[in-house]
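Here is the structure we will look at, set down as structure tokens.
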Amino acid sequence: MITLLETSFERSVDAIVSQYQTVLSSGDTLNAWVFDDLAARQQAEQTLAQHGIKAHFYSAYKPLVHYVIEVLPKRSLRAIHIRYPAPLETPQRFLLEAYPLAGLLDANVALNWEPVACDTQTRRYHYELTLTDSDGTQEQVRVAAPNRHHLDHINTWQLSPCGWVEWSTGDGNTESALPMCSLRCPLFCSPLRSSPSSVVG
């Protein structure tokens with residue numbers, strides 16, 4: 001058998017750590033959304049912490065579902081109200097991506113959904129959650145869901161989950177980049193200026 005192509009690719013989480021541990025300095029912060037498992041994401045956070053960089057690595061795949069799995073088990077909840085992005089071209093896109101969230105919650109947790117109309121574009125969409133604890137305390141949380149607006153193989157526009165990186169330096173500068181935005185693009189696209197964010201992933 002003839003081998004036509006043999007190659008290997010660096011994991012995105014490793015590439016991000018490799019680049020930003022030299023680009024950023026102690027006291028800087030980094031948020032990244034990647035398609036790696038929890039163990040790999042936690043290891044990346046620990047590696048950057050050794051350089052004084054406060055990092056959070058979130059799941060770019062079903063970010064809302066992973067938020068529920070990784071964060072909410074620590075809370076005693078009574079209800080969750082979720083406002084989800086409803087792009088005009090694909091209004092059910094982010095609701096469908098939330099499956100099987102309902103099955104992950106206790107039966108006594110009330111779950112409500114509210115669509116929020118928005119334009120379709122490449123950007124960091126968000127789920128907006130109102131969490132009500134068993135004692136009645138409420139908290140507002142935003143869960144980021146980066147998506148790329150692109151043409152697929154049959155020339156149809158689609159929204160697809162994508163990686164995303166944002167970082168802040170000690171002097172207040174904040175930038176973000178869309179990693180691996182196309183097969184022809186370098187691993188990290190040119191940074192795009194953005195505002196500081198309080199997203200939890």
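The values are calculated or read from the model by the stated rules, or taken from the named source; none is laboratory data. Quantities reported herein were computed from a predicted structural model and do not represent experimental measurements. So basically every Cβ, Gly included, is an ideal-geometry build from the backbone, and we count neighbours across all protein chains shown. These area figures cover heavy atoms from the full protein model, side chains too; ligands, DNA and RNA do not enter into them. Shrake-Rupley method; radii C 1.70, N 1.55, O 1.52, S 1.80 Å.
Between amide H atoms placed 1.01 Å from N, distances below 5 Å from Ile53 occur with Gly27, all of them 5 or more places distant or on a separate chain. (i) 1.17; (ii) 1.11; (iii) 1.25: which one is Cα Rg over 2.2 N^0.38 Å as calculated from this entry? The value matching this structure is (ii).
Computed from the Cβ-Cβ distance with R0 of 30 Å, the FRET efficiency linking Glu114 to His150 stands at 0.65.
Whats the longest run of the chain with zero GluC sites (Glu not before Pro) that are DSSP loop and have at most 15 other Cβ atoms within 10 Å? Result for the longest clean stretch: 90-201. Note on the chain: helix-only mean residue ellipticity at 222 nm, from DSSP H runs of 4+ residues weighted -39500 (n - 2.57) and normalised by residue number, equals -5500 deg cm²/dmol. The accessible surface of the stretch 48-134, taken with every protein chain in place and a 1.4 Å probe, is 54 percent carbon and sulfur.
Based on the Cβ-Cβ distance of Asn173 and Asp106, what FRET efficiency does E = 1/(1 + (r/R0)^6) give at R0 = 30 Å, to the nearest 0.05? With R0 = 30 Å, the Cβ-Cβ based efficiency is 0.10. Averaged over its residues, the stretch 1-153 has an accessible area of 57 Å² per residue, based on protein heavy atoms and a 1.4 Å probe. Net charge within 10 Å of Ser59 by Cβ-Cβ distance, Lys/Arg positive one each and Asp/Glu negative one each, not counting Ser59 itself? Taking every Cβ under 10 Å from that of Ser59, the sum is -1. For the stretch 1-106, the list of chymotrypsin sites (Phe, Trp or Tyr not before Pro) that fall in a loop by DSSP and count at most 11 other C-beta atoms within 10 angstrom reads Phe9. At an R0 of 41 angstrom, the distance between the Cβ atoms of Gln121 and Thr3 translates into a FRET efficiency of 0.50.
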